[in-house]
Amino acid sequence: MMRVVVLPVPAVLLTVLLAGCGGTGDDGHRPRTVRAEVSAPIYAPIARQQVDAAPLTEQEVFPAATLGAMKKESVSVTADCAAAVGADVDGCSQVVRGLFRGPEVVGQVAVFNLADVAQADALVNRFKEELFPTPMGSENGGTAMVRGMGHFVSVSWVSAEGDTRPDLAEPLAALDLASRFVQARILAL
């Protein structure tokens, strides 16, 4: 009689194995490429929300109707950060999200307002490894840039619309321009 021994599989390995089989709940909406950067020293003046307490507004983050060739379709400003990613987000008091469309592309920008740089950097790492903002439109696959900027995290995500295969570099760079509000915040201190 042959004996079968079942050895415990570490959770991380199990997740990787199931992801390869499409069994972890990965619905294909996460970008294929995520470039992530934790906060740089230049953002030290806004390392804590305590010294930069004004809440974000739609006008501050998205002052124009376009970013590059992409047009703003909708904006959401909410304190329900968990709803934006489908998981709890420690220290998050607000998220501002915008949906944009351009020729053959769709994308979103999400800016998370956290208590401090440590929580912001932790969220950057979570986005790099395990979770991501939920689609606002038809974002699927594509590429994303995630940046910690003091107590903020900015996510720019762009993907092709339908079966097209456009170059995503230019629209991603255009979406990332939404993070310019941070410079004004630093200069205002």
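Quick notes
- Largest accessible area first, the listed residues VAL51, VAL96 line up as VAL51, VAL96 when surface is computed with a 1.4 Å probe on the assembled protein chains.
- Value of [θ]222 nm, deg cm²/dmol, for the chain, DSSP H segments ≥ 4, -39500 (n - 2.57) each, nearest 500: -7000 deg cm²/dmol
- Remark: the Cα gyration tensor places the stretch 20-127 in the oblate category, a/c being 1.5 or greater and a/b not exceeding b/c.
- Positive-end ranking of CYS81, ALA120, ALA53 along the dipole of the chain, with charges on Cβ about the Cα centre, is headed by ALA120.
- When only alpha carbons of the stretch 118-189 are considered, Rg and Dmax amount to 13.8, 46 Å.
- With the simple spin-label model, which puts each label point 7 Å out from Cα in the Cβ direction, the ALA54 to ALA69 separation comes to 3.4 nm.
- Cβ-placed point charges (K, R +1; D, E -1), dipole of the stretch 109-187 about Cα centre in debye, nearest 20: 280
- The ARG32 and SER76 beta-carbon pair, evaluated with R₀ = 25 Å, returns a calculated FRET efficiency of approximately 0.55.
- For the chain: rounded, prolate or oblate by the Cα gyration tensor [a/c cutoff 1.5]: oblate
- Full extension of the chain between ASP88 and ALA44 gives 13.3 nm of extra length, using 0.36 nm per residue less the Cα-Cα distance.
- A Cβ-based charge dipole, computed about the Cα centre of the chain with Lys and Arg at +1 and Asp and Glu at -1, lands at about 200 debye.
- Accessible surface, per residue, of the chain when the full set of protein chains is kept, probe 1.4 Å, Å²: 54
- Given their separation in residues at 0.36 nm each and the Cα-Cα distance between them, GLU129 and GLU104 gain 6.2 nm when the chain is fully extended.
The values are calculated or read from the model by the stated rules, or taken from the named source; none is laboratory data. Computed from a predicted model, the values in this text were never measured in an experiment. Glycine also receives a Cβ, built like all others from the backbone with ideal geometry; neighbour counts cover every protein chain displayed. Side chains are part of the model used for accessible areas, which takes the heavy atoms of the whole protein and leaves out ligands, DNA and RNA. Shrake-Rupley method; radii C 1.70, N 1.55, O 1.52, S 1.80 Å.
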